[in-house]
Number of protein chains: 8
Amino acid sequence: MHKVAVVMGSDSDWEVVKKAVEVLKEFGVEYEVKVASAHRTPDKALNFARTAREKGFGVIIAAAGMAAHLPGVLAAVTTLPVIGLPIKASIEGIDSLLSIAQMPPGVPVATVGINAAKNAGLLAVQILSLNDQDLAGKLQAYKEKLAREVEEKEQKLLEKME
Amino acid sequence: MHKVAVVMGSDSDWEVVKKAVEVLKEFGVEYEVKVASAHRTPDKALNFARTAREKGFGVIIAAAGMAAHLPGVLAAVTTLPVIGLPIKASIEGIDSLLSIAQMPPGVPVATVGINAAKNAGLLAVQILSLNDQDLAGKLQAYKEKLAREVEEKEQKLLEKME
Amino acid sequence: MHKVAVVMGSDSDWEVVKKAVEVLKEFGVEYEVKVASAHRTPDKALNFARTAREKGFGVIIAAAGMAAHLPGVLAAVTTLPVIGLPIKASIEGIDSLLSIAQMPPGVPVATVGINAAKNAGLLAVQILSLNDQDLAGKLQAYKEKLAREVEEKEQKLLEKME
Amino acid sequence: MHKVAVVMGSDSDWEVVKKAVEVLKEFGVEYEVKVASAHRTPDKALNFARTAREKGFGVIIAAAGMAAHLPGVLAAVTTLPVIGLPIKASIEGIDSLLSIAQMPPGVPVATVGINAAKNAGLLAVQILSLNDQDLAGKLQAYKEKLAREVEEKEQKLLEKME
Amino acid sequence: MHKVAVVMGSDSDWEVVKKAVEVLKEFGVEYEVKVASAHRTPDKALNFARTAREKGFGVIIAAAGMAAHLPGVLAAVTTLPVIGLPIKASIEGIDSLLSIAQMPPGVPVATVGINAAKNAGLLAVQILSLNDQDLAGKLQAYKEKLAREVEEKEQKLLEKME
Amino acid sequence: MHKVAVVMGSDSDWEVVKKAVEVLKEFGVEYEVKVASAHRTPDKALNFARTAREKGFGVIIAAAGMAAHLPGVLAAVTTLPVIGLPIKASIEGIDSLLSIAQMPPGVPVATVGINAAKNAGLLAVQILSLNDQDLAGKLQAYKEKLAREVEEKEQKLLEKME
Amino acid sequence: MHKVAVVMGSDSDWEVVKKAVEVLKEFGVEYEVKVASAHRTPDKALNFARTAREKGFGVIIAAAGMAAHLPGVLAAVTTLPVIGLPIKASIEGIDSLLSIAQMPPGVPVATVGINAAKNAGLLAVQILSLNDQDLAGKLQAYKEKLAREVEEKEQKLLEKME
Amino acid sequence: MHKVAVVMGSDSDWEVVKKAVEVLKEFGVEYEVKVASAHRTPDKALNFARTAREKGFGVIIAAAGMAAHLPGVLAAVTTLPVIGLPIKASIEGIDSLLSIAQMPPGVPVATVGINAAKNAGLLAVQILSLNDQDLAGKLQAYKEKLAREVEEKEQKLLEKME
């Protein structure tokens, strides 16, 4: 199975990013965590992305805030899908959302919501599930668990209201 | 190989969406095009998404404008990766970008830029390339072509400037 | 008299939504509260909305945050008026306001302000009052109470200033 | 059956607003059209709204652009549901959307999307349908027509693509 | 000398608005404070504004938040200059700024910054100073005091830095 | 009677600004037009504003686009009321609106809407009317004319609809 | 004297960027024009920036639109000042402004306004003028020319108005 | 070597601005700190900027919030590069960013990110480094330190994760 790389521009992003890692663990997906900045360690970032496919990675999750260039810069040098995770660090995270989503033609980044680390992890699992029946099954079970949780929460809420 | 579904909320989105289809053709990826609206034909949309995996689809590209619910609604009922393509139909497309990207925890949508249909197509190809060496090779060649085009454009510009 | 359904995408919305319920209670309008998510329990949400009219509901209040698809998804399958209540969960609630208000032609949602649960409740009462003289009278009295409260607050403020 | 009032702040709004009127006609709902401005003819606007219920109106559609006060000002003096239709006249219509939707607690306005006149008309019909089986039936038929049109458009698009 | 009316839509605005009143006191300008809402007490608001000129008022300061209609509604029925003070109550006050500033042609409101109550007060004094040499002199002295304060603050800062 | 100065940052603003001048003419208010830029001719701008009061001016209308500093810079050196007119030259005029309205405490600018030159002129007339019964009367007549025009436009619209 | 590099992400930016080049020509500053994309030719971009100082460049002007990463990416690998020029290609250029200006601590980009190519050129000249008396003199003369042009435009406008 | 002037509109900006000063100290660049407001002490601000070049300054850092005119006003009267530092004081700092960046053609301001004082300091050092080999070397060392810090933080994060 392909591994997932979880790259963040700054270790201060970890409190958000860790939810992506928790998802990967929960689904039994192998991953590696890296701190690499498009602006402070560009070579490290680029070298990693350039060789990620041959090293067995299948997806790169890249998290960054403000002028969030990391996902786009990694996407520039890999043909793997790159999931961009905008971190809220200024003006409500709108700057990072736009810096990640609005990529020019030819170099896509799969953007998730602001601080939506759990969804970044799930999207990586979905991508890997295309050729992994086991993961596909776990995703289906996860979806059913989500639905059950809504039911339980409704139940609790209705009891509280009585 | 998995097929790609290209679903749009309205046939008026076609002028934008067709660039995604052109990419899929160019890469030799099998695809199907559908018009299905989260608001006008919700059953059709949901039924399609629910059975998309078993019908051999690997990725769903979903395009919609304004309060763009289609990608999220499809993602609700499939474990396949859903690529959300925000169409610019009002307030510069900011409404559709936010309606697609800002999904709640548990149900990700892989959002590309506003009107970025070509990138939606490329992202689908990248996802399928994980288990398709041929596609991976074509993506690498595409990247090199992009780089050569930049060089040629620079050359033309410098000649024009002389 | 028609009942009002109060549907929220997540039980975490309850702290805001309960003000809508308080208004319904205050006006003696029958209501039911549900937790149903457009993304986590789409079938439940759709099934509810599809049969809401025949079950005696007259208005559906639907609250959701971020990419707030719930009101629009319910409106897709009912001909009842749906009141959309945008919950502030990210970027000041602007994402949910746009996701709810900017519906495509053919499927309206009656949107109230961000976190404006009280107004969602009042709007439901206004709609039901069209054929209920008693409710119309209570609304008139409510309006007069609002005016008196302004007077009393002015009085207190002027006393405080002296 | 209750009548619908369609009030606009300026006759220049008519090109947008007329789609609301066309819907009302299509559904056989009686209506009256008025030009009344919260800022240029406040007395006319207020006097109309104050007596609208007793004159047999059931819903007021109020359209305005920029600092769009008309819907809120009418809602201040009536207990009828007021549908606010934000007209795009400046900064992409965001000013009118916010001026209409963000009403203070106690005085709701049922806001539809920017320039969404058709939806304003449909929402009025939905409200009136609560006590009018005939309208309810027509709305159901309208929904089915919307769905059929999507199918036809898909058909045409697929033919064009071949 | 003309009096200044300070009208606020809600007594909860007082914590902000009182800085306008402090300025009026400081300059010895006569004023009256009122709570009057465009939406909860429209008649009171309109009746006040309609007769404000004949009662000796020269300027009306009107403060409101969210869909802030009060300044525009007062301006609709008076030929006195109305100063609109946007209160920050939601989405950083951008809704109230736009609701106040973006008035249609024919009915201006003199808008100051978000929560800028001191400036609302000063603007009123500037307007009254046109025919009041004493106020004009005090404004000049105020300007000089502002400048001196900057100097003193610089001095303190430089000392702190040493 | 006091004169009104109409200052614009660039002669390209004239197409918008001239509506302010037309209002002043219509009301018989004496005015002078100037082109003076906070950035290109700061001395001219400041020298004008510094001596404006003693030269008989009562109000300064200052129009500027983008990073619109002119109104604030003039307000810095005069105690006259300065009306700021934001010109739409980029990003829908939001930059100029914010650059003009969001003045720091101590130095107000009376901001009108984006490109709202007519309202800038009317606000100047309102300010001058405080001590000019004739102007006050003309403003009242203008208000009545606005109302009549709304009536006539309604009449025409209703005729067109028949 | 140091040279200025003018780098743009796409040759389609040239219509805007050329105004920067015209300024450099006008001031007699040596420059080189390049097309290099952070996403399509990252190596070229990085290699250029990495060796720019030793090749005699003193300033890099980098223009890009949408998710405009080029200026930041160049700034990552050079200690020269990088001037970022946001190109308007989508949502009024706000995405590129934020992508360029909101750089993380440690790697600044000197951002000019949206499409403000002339200012990018002038800023480069100002930077080079620190150690070039001749350029400093020309900048002073340019400033005086700007002022004279304002005077001439005022003159023409006043004549036109008569 | 040229000195750097650090000018702020209000002493309340110091908590942000001091990071710029710390950078200048760290690089051994001579600097002077001033409090001068475009609106409260315009003469002081202009007089300083006008003579800054002849007094040995090479760069001016100007910090201001809200309608942040200080950087533009200083740039109007000097040919030195002016670095504009937008301070977050209202609406997330978007007002000050736009007020500083969106300068009209002819008068550039080198804008850094919102509250990005460290970057303002570094940009000043970069500009001065053009003719100062020592500073250039220190900047290179600083860049390498940034990269090492990323490595160390990664190390710590990975240890924490184990």
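The values are calculated or read from the model by the stated rules, or taken from the named source; none is laboratory data. From a predicted model like this one, the values you see are computed outputs, not experimental measurements. Glycine gets a Cβ as well: all are built from the backbone with ideal geometry, and neighbour counts include every protein chain shown. Accessible surface areas use protein heavy atoms only, side chains included; no ligands, DNA or RNA. Shrake-Rupley method; radii C 1.70, N 1.55, O 1.52, S 1.80 Å.
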* Asked: Looking at the range B:30-40, is at least one residue outside any loop (DSSP other than H, G, I, E, B), touching a helix residue (DSSP H, G or I) at 6+ places or on another chain (Cβ under 9 Å) and among the acidic types (Asp, Glu)?
  -> no
* Asked: In this structure, does B:Val59 turn out to be under 23 Å from B:Gly93 (Cβ atoms) and either among the charged types (D, E, K, R) or not in a strand (DSSP E or B) (or both)?
  -> no
* Inside the range B:1-12, can you point out the residues that are in a loop (DSSP other than H, G, I, E, B) and buried (at least 18 other Cβ atoms within 10 Å of the Cβ)? -> B:His2, B:Gly9, B:Ser10
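Per-residue answers, yes or no, for (1) within 17 Å of the chain's Cα centre (by Cα); (2) modelled with pLDDT under 95; (3) in the same structural domain as E:Ser12 (by the TED database); (4) aliphatic (A, V, I, L, M):
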position	(1), (2), (3), (4)
E:Gly28	yes, no, yes, no
E:Glu32	yes, no, yes, no
E:Leu46	no, no, yes, yes
E:Ala52	yes, no, yes, yes
E:Phe57	yes, no, yes, no
E:Ile61	yes, no, yes, yes
E:Ala64	yes, no, yes, yes
E:Pro71	yes, no, yes, no
E:Val77	no, no, yes, yes
* Sort out which residues of the range D:13-25 are touching a residue at least 40 places away in the same chain (Cβ under 8 Å) and open to solvent by 30 Å² or more (accessible area, probe 1.4 Å), and write them in order of number. => D:Val16, D:Lys18, D:Lys19, D:Glu22
* Could you count how many residues in the range B:26-61 are open to solvent by 50 Å² or more (accessible area, probe 1.4 Å) and under 21 Å from B:Thr111 (Cα atoms)? -> 4
* Total residues in the range A:12-64, condition more than 14 Å from chain H (Cβ to nearest Cβ) and among the hydroxyl-bearing types (Ser, Thr, Tyr) -> 1
* To do: Specify the residue that is most open to solvent (accessible area, probe 1.4 Å); the eligible residues are those in the range C:85-99 that are in a helix (DSSP H, G or I) and more than 9 Å from chain D (Cβ to nearest Cβ).
  => C:Ile94
* Structure fact -> When restricted to D:Ile91, D:Ile100, the only residue closer than 23 Å to B:Ile91 by Cβ and touching a residue at least 12 places away in the same chain (Cβ under 8 Å) is D:Ile100
* Asked: So, of the residues in the range F:1-11 that are at the interface with another protein chain (Cβ under 8 Å from one of its Cβ atoms) and not polar (S, T, N, Q), which turns out to be nearest to H:Pro104 (Cα to Cα)?
  -> F:Gly9
* Structure fact -> For the range G:72-84 the number of residues that are outside any loop (DSSP other than H, G, I, E, B) and touching a residue at least 40 places away in the same chain (Cβ under 8 Å) is 2
* Structure fact -> Within the range H:107-119, residues being part of a helix (DSSP H, G or I), open to solvent by less than 30 Å² (accessible area, probe 1.4 Å) and either touching a Cys at 6+ places or on another chain (Cβ under 6 Å) or facing chain G (nearest Cβ under 7 Å) (or both) number 1
* To do: Go over the candidates G:Ala136, G:Ala147, G:Ala124, G:Ala67 one by one and state the one that is without any contact (Cβ under 8 Å) to a residue 60 or more places away in the chain, more than 8 Å from chain H (Cβ to nearest Cβ), touching a helix residue (DSSP H, G or I) at 6+ places or on another chain (Cβ under 8 Å) and not in a loop (DSSP other than H, G, I, E, B).
  => G:Ala147
* Structure fact -> Going through the range H:1-52 in order, the residues found to be charged (D, E, K, R) and touching a Ser or Thr at 6+ places or on another chain (Cβ under 7 Å) are H:Arg50
* Asked: Out of the range A:70-79, which residues are crowded, with 24+ Cβ neighbours inside 10 Å, at the interface with another protein chain (Cβ under 8 Å from one of its Cβ atoms) and either of a type in the set (A, V, I, L, M, F, W, C) or farther than 15 Å from G:Ala67 by Cα (or both)?
  -> A:Val73, A:Ala75, A:Ala76
* Asked: Taking the stated definitions as given, is G:Glu154 open to solvent by 10 Å² or more (accessible area, probe 1.4 Å), farther than 26 Å from H:Glu54 by Cβ and either at the interface with chain H (Cβ under 7 Å from one of its Cβ atoms) or assigned to a helix (DSSP H, G or I) (or both)?
  -> yes
